[in-house]
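Here the structure is laid out as structure tokens; the discussion comes afterwards.
The values are calculated or read from the model by the stated rules, or taken from the named source; none is laboratory data. Model, not experiment: these values are computed from the prediction. Reconstructed Cβ throughout: ideal geometry from the backbone, glycine too, with neighbour counts over all protein chains shown.
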Amino acid sequence: MQFNTVLDVSNFDTSKVTDTSYMFARCRKIKTLDLSSFNTEKVTTFAEMFSDINNNYMALEEIKGLENFTAPNCTRANLMFSNCNKLKVINLSNFQSTKLSSTTNMFYNCSSLVNIYIWISLALIL
């Protein structure tokens with residue numbers, strides 16, 4: 001059986017989504033995710049959105065569109081990228097949330113990360 005290593009979510013309407021917890025957790029065959037069309041204005045929790053997805057099986061190497069994520073209502077992003085050990089770049093440069101209260105282990109075991117681009121207030125919370 002052959003698996004598609006790219007997941008097309010370009011037609012997802014996320015304009016009313018408030019919780020993205022576990023949305024892509026344990027998606028072990030996906031190499032690339034393109035979330036460029038995601039509207040994250042109303043999301044309050046990104047907790048474990050991509051967590052544990054590598055778990056020695058996951059091939060995720062790139063998440064496109066993270067730079068478009070805005071998070072004015074987000075309070076939780078704990079373990080968001082936990083165990084994403086093949087990701088080299090995470091760009092959260094527009095992830096502007098002054099309400100974040102939990103970022104525990106947000107980048108836990110992201111051992112291949114070369115660059116993390118974050119909005120300055122998020123950096124102060126970490």
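With the structure loaded, tell me whether S10 is surrounded by 19 or more Cβ atoms within 10 Å (Cβ to Cβ), at pLDDT below 95 and either farther than 18 Å from K99 by Cα or touching a Gly at 6+ places or on another chain (Cβ under 8 Å) (or both) or whether it fails that test. The answer is no for S10.
Restricting F50, F38 to residues that are modelled with pLDDT of 95 or more, surrounded by 16 or more Cβ atoms within 10 Å (Cβ to Cβ) and either aromatic (F, W, Y) or touching a Gly at 6+ places or on another chain (Cβ under 6 Å) (or both) narrows the list to F38. Looking at S97 and the list (1) modelled with pLDDT of 90 or more; (2) in contact with a Pro (Cβ under 7 Å, 6 or more places away or on another chain), which single condition is not satisfied? Against the list (1) modelled with pLDDT of 90 or more; (2) in contact with a Pro (Cβ under 7 Å, 6 or more places away or on another chain), S97 comes up short only on (1).
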